[in-house]
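In what follows, a single structure is set out as structure tokens and then discussed.
The values are calculated or read from the model by the stated rules, or taken from the named source; none is laboratory data. These numbers were taken from a predicted model, which means no experiment stands behind them. Cβ sites come from the backbone with ideal geometry, for glycine too, and all protein chains shown count toward neighbours. Note: accessible area is taken over every heavy atom of the protein model, side chains too, but ligands, DNA and RNA are not part of it. Shrake-Rupley method; radii C 1.70, N 1.55, O 1.52, S 1.80 Å.
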Amino acid sequence: MSITQNLNNIKSSIANHVTLVAVSKTKPISDLMEAYNAGQRIFGENKIQEMAEKFEAMPKDISWHMIGHVQRNKVKYMASFVSLIHGVDNFKLLKEINKQALKHNRVIDCLLQIKIASEDSKFGMTEVDALEILQSEAFSDLKNIKITGVMGMATFTDNKNQIKQEFTVLKNTFDNLNSIQTSNCDLKIISMGMSGDYKLAIDCGSTMVRVGSSIFGLRS
Ligand SMILES: *Cc1c(COP(=O)(O)O)cnc(C)c1O
């Protein structure tokens, strides 16, 4: 099936309140343009350099989401245009994003990445870490970032029960942190779910799914 058909199938299977991020990492501009021409305006990439190149090449009414692990020294390459950074998992990174956003006179929306998977390889912080950051004075000084939600990645497994349990942990973390309302924290987004598990994620409370291979086909 074509990218357009894949997109339309997925869009018709998810509720209106769920935002679809089309994960286009490794895919050529021609593929992204097909999705764009089918109406898609939110794209997710996991490498800053690649995202910056695609930003240059593509129409300017696209929202670019950084969904990968972010190295602090590369924040500057996306600070002028990135619309949401999903994978913020430490305070030093948040400070750097704030610094670079200030240079462009912007406020950059960020999600706190929460570790929900049992594997060691997945990045992310605990709910306690997140609480500590959001309640700190140092955080309240960061005027050029806004925490708009949480993000998580489930364990890579076929065990649906385990995935469901991990998604539920993220939903609960969101609910627990949600009482915090400050000038730079207003939690609305739960980013969870990929090609293999986005329907389950939505059942568990996801408001934003990151779907790649089900739209663009397998990556080599
Ligand atoms: C690649 C990637 C996705 C999309 O994965 P698919 O299985 O191709 O849908 C989602 N989230 C993150 C963080 C990714 O790196």
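Per atom type, the chain shows carbon and sulfur on 49% of its accessible surface, probed at 1.4 Å. If you take the charge dipole of the chain about its Cα centre, with +1 on Lys and Arg Cβ and -1 on Asp and Glu Cβ, which of Ser80, Asn184, Phe139 is farthest toward its positive end? Highest projection toward the positive end goes to Ser80.
As a test, work out the antiparallel percent of DSSP beta bridges whose residues both lie in the chain, rounded to the nearest 5. DSSP beta bridges in the chain are roughly 5 percent antiparallel. The charge dipole of the stretch 3-216, taken about its Cα centre with unit charges on the Cβ atoms of Lys, Arg (+1), Asp and Glu (-1) only, comes to about 480 debye. Between Leu200 and Met33, the distance separating the two model label sites (each 7 Å from Cα on the Cα→Cβ line) works out to 3.8 nm. Qualifying chymotrypsin sites (Phe, Trp or Tyr not before Pro) in the stretch 131-186, where qualification requires a DSSP coil assignment and no more than 16 other C-beta atoms within 10 Å, comprise Phe156. The residues of the chain expose on average 48 square angstrom of accessible surface per residue, using a 1.4 Å probe on protein heavy atoms. By the Kirkwood approach, averaging reciprocal distances over each pair of separate Cα atoms, the stretch 3-216 gets a hydrodynamic radius of 17.4 Å. Ordering of 50-59, 101-110 by packing is 101-110, 50-59, highest average first (other Cβ atoms within 10 Å, averaged per residue). Extending 7 Å from the Cα toward the beta-carbon at both Asn172 and Lys76 defines two label points whose distance is 4.3 nm.
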